[in-house]
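Bear in mind that the values in this text are calculations on the coordinates, not laboratory data. On a predicted model such as this, the values are computed, not experimentally measured, just so you know. Quick reminder, even Gly has a Cβ in these numbers, built from the backbone with ideal geometry, and neighbours come from all protein chains shown.
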Amino acid sequence: MGQRGFTLVELLMAAVILCLIGGMVFVIAQTGNQLWGSTDRRLASLTDAQRVLDRLTEDLRRAKRASLVAPCAAPLTFSTVADQVITYNLEGDTLVRQEQTGAQPTTSRVIGVGLSTFSVSCDPNGLVRLALTIQAQRFTDASRQTLTSQVFVQNP
């Protein structure tokens, strides 16, 4: 009758297999965490850019058509029906909104950060096309994402 148990070789093989499985689980978990963080940052950048574009679009809906001269370009300056003069200008990677009402001093406010381009085009019948490009960081590299909008500016 032989003795029952494991040999040293069998125990070493089991230890090696467990170490390999543990290492693979660790690598997969680290990769998942990096991918999650990258996706979260990219989504936050896109959300911020969409918020900026929505704000700019809303301001343009209140613009006077006569204040938009075709072809228009960035920086974009226009007057609203409430006689405010609003200017959007890309300074570095920051979109700044300046507003002046009557004789009051100009107020500036940062609208968006992390933008690489801001382009505007207008046609004579009041259609304004806007494009914002952001530099979004992906898991392994950086890519550009462009958000666009079209606004029809009507005569008041």
- prompt: Residues with beta-carbon under 13 Å from that of Asp83, excluding Asp83: net charge, scoring Lys, Arg +1 and Asp, Glu -1?
  reply: +1
- request: Starting from the Cα-Cα distance between Leu18 and Thr146, subtract it from 0.36 nm times their residue separation and give me the gain in nm to one decimal.
  value: 41.4 nm
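Given a Förster distance of 22 angstrom, what is the FRET efficiency for Gln104 paired with Ser79, based on the Cβ-Cβ distance and rounded to 0.05?
Taking R0 as 22 Å, the efficiency between Gln104 and Ser79 is 0.90.
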query: Calculated from the structure, volume of the Cα convex hull per residue in Å³ equals which of [x] 91; [y] 109; [z] 156?
result: [z]
- prompt: Applying the Karplus parametrisation 6.51 cos²θ - 1.76 cosθ + 1.60 with θ = phi - 60° to the phi angles of the stretch 121-132, what ³J(HN,Hα) value in whole Hz is obtained for each residue in order, glycine and proline being reported as x?
  reply: 9, 10, 10, x, 8, x, 8, 10, 10, 10, 9, 10
field: the chain, relative contact order in percent, only Cα pairs under 8 angstrom and at least six apart counted
entry: 22
message: Tell me the mean residue ellipticity at 222 nm calculated for the chain from its helices only (DSSP H runs of n ≥ 4, each -39500 (n - 2.57), averaged over every residue, nearest 500).
response: -13000 deg cm²/dmol
- line: Counting only Cβ distances under 4.7 Å between cysteines, those in the chain with no partner are Cys19
statement: Contour minus Cα-Cα span, Asn33 to Arg61, at 0.36 nm per residue, comes to 5.9 nm
